[in-house]
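The following block contains the structure, expressed as structure tokens.
The values are calculated or read from the model by the stated rules, or taken from the named source; none is laboratory data. In this text the structure is predicted, and so the values were computed from the model without any measurement. Note that each Cβ is placed from the backbone with ideal geometry, even for glycine, and that neighbours are counted across all protein chains shown.
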Amino acid sequence: MKIIIAPDSFKGSLTSLEVSLAIEKGIKKAFPQAETILVPVADGGEGTMDSLVAATNGHNVEVTVRGPLLNPVQASYGVLGDQETCVIEMASASGLTLIEPEQRNPLLATTYGTGELIKKALDNGCKKFILAIGGSATNDGGIGMLQALGMRLLDATGNEVGNGAAELERIVEIDEQNFDPRIKDCQFFIASDVQNPLIGPKGASYVFGPQKGADESMVAFLDSSLSKWADLVERKTGVRLHDQAGAGAAGGLGGAFQAFFPSSTTRGIDIVVEYTGLEEKMNGAACVFTGEGQIDFQTASGKTPMGVAQVAKKQGIPVFVLSGSIGKGIHELYQYGITSIHSIVNTPMDLQEAINRASKLVETTAEQVIRTFCSIGNK
């Protein structure tokens, strides 16, 4: 019996590989003879780089860049097996987790380090880029990234502005003369399931600003500043970011790619499915195990369990989802190919205990699910 194991990470607890190994252990307890194929995946967020590097026998390159508050941080980018495709998780350079909660301030946070990562990969000969842009600390419209790559953003006196969203409203001129010329000869694939526009009540500032440290008045200021930036970008490039789907991803970084890079946006899970060869690996499988830390109605926006299930559905393969917690709206997910959803929490416990015991809980749940599956004749 061939079984595919393709979960995402349980954030704050287990990596996707650790989840995969725990599921495999549970399956093997019930059926040692089962053929298990592990395909750790991600949906464009944390773990995307590691998943693609592992799938293609690539390697990681560690570098020092400026973090979201311009302090030096150790970040990395992945070079895939073809030696010219680069995978960057912007959160490794400009992510929210790089800032202590009391220091989070989207007026100051910059995407400069993300631009430095791109530049270092260009220097290394990369021509094709996969950008996972989840988990940002920023709301700067991507200006930090643009500055790191040579774009001059000038104020009314002709001087270059500083870093962070606080500088957006001061920009009156975009000078592309020194913008890295190698960019126009590259391809940029933006892995994101965020469809929010740049500004407005569903835009970057109002939806994501509060989790990055913005209060109500700051959110309004950030939105107004991004609106002025979008006006300037439209006059310069003809690209209207204001209400463009996906422009609000990562505090407007998505919009910067749309306006100034040869880029396209796609679901992160679709990129991972392609590069891992997941669809081919499913041929002849009896069932598929996937999962994530929490499953709810948001999973339908393109998160890992939904993407894996859509692939399996083409071949009529049942899909079992294991999750740390189950939220509202899961009934919507069954139409995409998910067979059943299982919480790994099997007794009353607090969050910390569940995190500490996650591996064993995943293992136990996987064992029980596969025993049930096989008991009804699927051997």
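Of the conditions (1) surrounded by fewer than 17 Cβ atoms within 10 Å (Cβ to Cβ); (2) closer than 30 Å to D140 by Cα; (3) not basic (K, R), D43 clears all except one; give me its number.
(1)
Within the range 221-255, can you find the residues that are within 26 Å of the chain's Cα centre (by Cα), of a type in the set (A, V, I, L, M) and either within 17 Å of E169 (Cβ to Cβ) or buried (at least 20 other Cβ atoms within 10 Å of the Cβ) (or both)? Outline the logic, then answer.
So the first thing to find is which residues in the range 221-255 are within 26 Å of the chain's Cα centre (by Cα), and the list is 222-223, 225-227, 229-230, 233, 239-255.
Restricting the remaining residues to those that are of a type in the set (A, V, I, L, M) gives 222, 226, 230, 233, 239, 241, 245, 247, 249-250, 253.
Correct list: L222, L226, A230, V233, L241, A247, A249, A250, L253.
This table checks each residue for (1) assigned by TED's automatic domain parsing to the domain that holds A250; (2) more than 18 Å from G113 (Cβ to Cβ); (3) buried (at least 17 other Cβ atoms within 10 Å of the Cβ).
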| residue | (1), (2), (3) |
| --- | --- |
| E35 | no, yes, no |
| L52 | yes, yes, yes |
| V63 | yes, no, yes |
| P72 | yes, no, no |
| Q83 | yes, yes, no |
| E89 | yes, no, yes |
| I99 | yes, no, yes |
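Filter the range 170-186 for residues that are out of contact with any Lys or Arg (no Cβ under 9 Å at 6 or more places or on another chain) and buried (at least 16 other Cβ atoms within 10 Å of the Cβ); which is farthest from C126 (Cα to Cα)?
Step one: of the range 170-186, the residues out of contact with any Lys or Arg (no Cβ under 9 Å at 6 or more places or on another chain) are 170, 172, 181, 183-184.
Checking the rest, the ones that are also buried (at least 16 other Cβ atoms within 10 Å of the Cβ) come to 170, 183.
Details: R170: 34, I183: 10 Å.
Per the stated criteria, the residue is R170.
Look at the range 233-255 and say how many of its residues are in a loop (DSSP other than H, G, I, E, B) and touching a residue at least 40 places away in the same chain (Cβ under 8 Å).
Taking the range 233-255 and keeping what is in a loop (DSSP other than H, G, I, E, B), we get 238-248.
Applying the additional criterion that residues be touching a residue at least 40 places away in the same chain (Cβ under 8 Å) yields 241-248.
Qualifying residue count, the range 233-255: 8.
Kindly establish whether G329 is at positive phi and at pLDDT 95 or above. Steps first, please.
Values: at positive phi: yes; at pLDDT 95 or above: no.
Considered against the rule, which asks whether it is at positive phi and at pLDDT 95 or above, G329 comes out as no.
For the range 139-171, what are the residues that are more than 22 Å from C86 (Cα to Cα) and either within 17 Å of the chain's Cα centre (by Cα) or of a type in the set (S, T, N, Q) (or both)?
Result: N139, T157, N159, N163.
Here's a follow-up. Which of the numbered conditions does T290 fail, given that it passes all the others? Conditions: (1) within 30 Å of A354 (Cβ to Cβ); (2) in contact with a helix residue (DSSP H, G or I) (Cβ under 6 Å, 6 or more places away or on another chain); (3) assigned by TED's automatic domain parsing to the domain that holds T56.
(3)
Listed residues Q310, Q352; which is among the polar types (S, T, N, Q) and under 20 Å from V39 (Cα atoms)?
Working: Q352 fails: under 20 Å from V39 (Cα atoms).
Being among the polar types (S, T, N, Q) and under 20 Å from V39 (Cα atoms) holds for just one of Q310, Q352, which is Q310.
Out of the range 271-313, which residues are of a type in the set (S, T, Y) and at pLDDT 95 or above?
Going through the range 271-313, the residues of a type in the set (S, T, Y) turn out to be 275-276, 290, 299, 301, 304.
Once the filter is applied, which keeps residues that are of a type in the set (S, T, Y) and at pLDDT 95 or above, the range 271-313 yields only T290.
Can you give me the number of residues within the range 1-43 that are farther than 19 Å from V362 by Cβ and either in contact with a Lys or Arg (Cβ under 7 Å, 6 or more places away or on another chain) or among the aromatic types (F, W, Y) (or both)?
Looking only at the range 1-43, we keep the residues that are farther than 19 Å from V362 by Cβ, and these are 1-2, 33, 35.
From what is left, the residues that are either in contact with a Lys or Arg (Cβ under 7 Å, 6 or more places away or on another chain) or among the aromatic types (F, W, Y) (or both) are 1, 35.
Counting residues in the range 1-43 that are farther than 19 Å from V362 by Cβ and either in contact with a Lys or Arg (Cβ under 7 Å, 6 or more places away or on another chain) or among the aromatic types (F, W, Y) (or both) gives 2.
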